[in-house]
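Worksheet for the structure shown next.
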Ligand code: C2E
Ligand code: CA
Ligand code: CA
Ligand code: CA
């Protein structure tokens, strides 16, 4: 830290340095882990409502750091800041396509996979190339690929992002709006962007069906989605009552701990092999 003769300021500078050093170390660790196959992809089933079939799964990244599993909340923001989300995203995409194509073949079912995409991946403008590469490497048909984008990611560069999404959709991919309702923008963007699916955020599902306010919001969201002809996935579903309620409102599919937590690929594979109907 600089010697500026003012105790308070120097302390602040040292704290900043320590933070910067910590981040730099984490960045290096993450880079090394990516090279060493310590970035894992977990899968959470998406279940059709109400018949309980597995329609597909969402890919969720994990970092296996010194044997410990780190959740995306604890490294994706850093990976976004330093640009590492681009190669990590490519890895997750390829791995997801590869495993899904394998499971489609082994089960004979038309399974879909949903992959999360950060704003930063749109900025780097090679998202389309990454998708083309992943599909040609793995043989997954693009109709089996869904991309999940959050509202805040869309809003970082609306015009450019819209172009990329339109291209991907023309190629045959499905676009899902993730964490719907948690952003602060107007609803007009629902018609501005090419969106096929709304994913209702867990925060709206949590209170249902006991809390009347939560129910009212869910009802309004489902009615709006149906009016706009969007399919609806509810996430964070943890109880049978929630499943019943969401079904009564017309939700198309459901994801949550009630059916399954995100699973390592071998476990997802065995679940599919058993042809489980929830
Ligand atoms: P998300 O896309 O909203 O994913 C849903 C999160 O909710 C996941 O957390 C999932 O494990 C969790 N979840 C699912 N069902 C339930 C439930 O019934 N109860 C509860 N309490 N939680 C449930 P996870 O895996 O920790 O991921 C957190 C976030 O990290 C994701 O939120 C997503 O925004 C981001 N993320 C995950 N994988 C990737 C990735 O490959 N790329 C990018 N860019 N972001 C990712
Ligand atoms: Ca998601
Ligand atoms: Ca989500
Ligand atoms: Ca969420």
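Axis angle, to the nearest 10 degrees, between helix 7-35 and the longest C-alpha principal axis of the chain: 50 degrees.
Relative to the dominant Cα principal axis of the chain, helix 240-249 is inclined by about 70°. When the helix-only estimate is applied to the chain (DSSP H runs of n ≥ 4, each -39,500 (n - 2.57), divided by the residue count), what is the mean residue ellipticity at 222 nm, nearest 500 deg cm²/dmol? Calculated mean residue ellipticity at 222 nm is -15500 deg cm²/dmol.
For the chain, the longest principal axis of the C-alpha atoms and the axis of helix 212-227 are separated by about 70°. With Cα atoms as the point set, the chain shows a radius of gyration and Dmax of 20.4, 72 Å.
Size descriptors for the stretch 127-278, from the alpha-carbon set: Rg then Dmax equal 16.7, 49 Å.
Taking all C-alpha pairs of the stretch 190-263, those more than 22 Å from each other amount to 19 percent. Hydrodynamic estimate: the Kirkwood radius of the stretch 141-213 over Cα pairs, inserted into Stokes-Einstein at 20 °C and 1.002 mPa s, corresponds to D of 162 µm²/s. Tell me whether the stretch 55-176 comes out rounded, prolate or oblate; compute the Cα gyration tensor, take square roots of the eigenvalues as a ≥ b ≥ c, and use a/c under 1.5 as the rounded threshold. It comes out oblate by the Cα gyration axes.
Rule-based calculations on the coordinates, nothing more; no lab input. Just so you know, these numbers come straight off a predicted model, no measurement behind them.
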